[in-house]
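The values are calculated or read from the model by the stated rules, or taken from the named source; none is laboratory data. None of the values given here were measured: they were computed from a predicted structure. As a convention, Cβ positions derive from the backbone with ideal geometry for all residues, glycine included, and neighbour counts pool all protein chains shown.
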Amino acid sequence: MTSFFARYVEEEFIPYSASHIVMLAALVVLALLLYGFRERSRSNAHVKTMIRYSILLGLLAPQILLYYWYAIVGLWSVKYTLPLELCSISQMLAIIMLFTRSKLLYQIVFFAGIGGAMQAMLTPDLDYPYPHFRFFHFFIVHIAIILAPLYMTWIEGFRPTWKSVWLTMIFLNILLVAVGGADYWLDANYMFLREKPQGASLLDLLGPYPYYLIAEEGIALVLFSLMYLPFIPWRRRQS
């Protein structure tokens, strides 16, 4: 087994190190390219298919390798490796959305996927630094989660509505109950519903348990509302 798939590493991931900045820059560049070539991509079915399947590859391939890695290094555990984190759930929904072009899933992935993945990109809860496999898995998957609804917006022509904000909030609260129940049953901490992550994160600014969970509700509503602003159909009054 090479160090690329090693179970233990001596180095630690350092937020906003050169490798972290490169991954953030990669997200910005890919998003700008997706937006810049949106008109040309819309009119070319082959290009649309290529982009869609490239994003799907970024969502699927690293995840398949992740479970392979869990198996070969003996890290599989129902307390830590089930896909019950918000970004893992957004990842699965994004895969289904891209295959089915579901407008319902698009509304949820646009807000919950982009919001959650951006928070993860900016404050990664990551133990493995570059060039470990887990480093690449983490950033490739989160970049793909963000690009998936952007592709559906800019190229497929989907649009969120104000109702989408509330639909996503309802979805997240149902998810909170379901995952919270799983946490209690498994003695786990998926979605950090029982305690904050050990590494630095935005949750450090929101107070102790359970107050940070309540604060997250308000922050999510404000964030989703801001994300919806570019889609408000501003209309000029005609005299």
| request: Kindly indicate which of Trp162, Trp166, Trp154 is without any contact (Cβ under 8 Å) to a residue 12 or more places away in the chain and of a type outside the set (Val, Ile, Thr). | output: Trp166
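Results for (1) farther than 17 Å from His137 by Cβ; (2) more than 17 Å from the chain's Cα centre (by Cα), shown as yes or no for each residue.
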position	(1), (2)
Val22	no, yes
Ser43	yes, yes
Ser54	no, no
Leu75	no, yes
Ser90	no, no
Arg101	yes, yes
Gln107	yes, no
Phe110	yes, no
| task | Mind listing just one residue for me: the one in the stretch 194-203 that is hydrophobic (A, V, I, L, M, F, W, C) and surrounded by fewer than 17 Cβ atoms within 10 Å (Cβ to Cβ) and, of those, modelled with the lowest pLDDT? | result | Ala200
| query | Tell me, which residue of the stretch 21-53 that is in contact with a Leu (Cβ under 9 Å, 6 or more places away or on another chain) and of a type outside the set (Phe, Trp, Tyr) is surrounded by the fewest Cβ atoms within 10 Å (Cβ to Cβ)? | reply | Leu24
| Which of the residues that make up the stretch 167-193 are surrounded by fewer than 17 Cβ atoms within 10 Å (Cβ to Cβ) and among the acidic types (Asp, Glu)? | Asp187
| Selected residue [more than 18 Å from Leu175 (Cβ to Cβ) and among the hydrophobic types (A, V, I, L, M, F, W, C)] from Ile72, Ile89 | Ile72
| task | Determine whether the stretch 66-80 contains at least one residue that is touching a helix residue (DSSP H, G or I) at 6+ places or on another chain (Cβ under 8 Å), buried (at least 16 other Cβ atoms within 10 Å of the Cβ) and under 18 Å from Tyr128 (Cβ atoms). | result | yes
| Going by the conditions given, is Ile64 touching a residue at least 60 places away in the same chain (Cβ under 8 Å), within 22 Å of Ile95 (Cα to Cα) and assigned to a helix (DSSP H, G or I)? | no
| task | Give the stretch 81-103 a look and list any residue that's hydroxyl-bearing (Ser, Thr, Tyr) and either free of Cβ contacts under 8 Å to residues at least 40 places away in the same chain or loosely packed, with under 13 Cβ neighbours inside 10 Å (or both), or say none. | result | Thr81, Ser88, Thr100, Ser102
| task | Give Tyr80, Tyr53 a once-over and let me know the one that is assigned to a helix (DSSP H, G or I) and hydroxyl-bearing (Ser, Thr, Tyr). | result | Tyr53
| message | I need the full set of residues from the stretch 101-127 which are modelled with pLDDT of 95 or more, of a type in the set (Ser, Thr, Tyr) and outside any helix (DSSP H, G or I), in order please. | response | Ser102
| task | For the stretch 170-194, enumerate the residues that are over 20 Å from the mean Cα position of the chain (by Cα) and part of a loop (DSSP other than H, G, I, E, B). | result | Asp187, Ala188, Arg194
| field | Cross-chain or 6+ apart pairs with Cβ under 7 Å, the stretch 5-33 first and under 12 Å from Met121 (Cβ atoms) and at pLDDT 90 or above, then among the aromatic types (Phe, Trp, Tyr) and assigned to a helix (DSSP H, G or I) | value | Met23/Phe139
| query | What pairs can you find where one residue is in the stretch 204-231 and loosely packed, with under 15 Cβ neighbours inside 10 Å, the other is of a type in the set (Ser, Thr, Tyr), and their Cβ atoms are less than 8 Å apart, with a gap of 6+ or different chains? | reply | Phe231/Thr161
| Condition test on Val78, is it out of contact with any Phe, Trp or Tyr (no Cβ under 9 Å at 6 or more places or on another chain) and more than 27 Å from Phe231 (Cβ to Cβ)? | yes
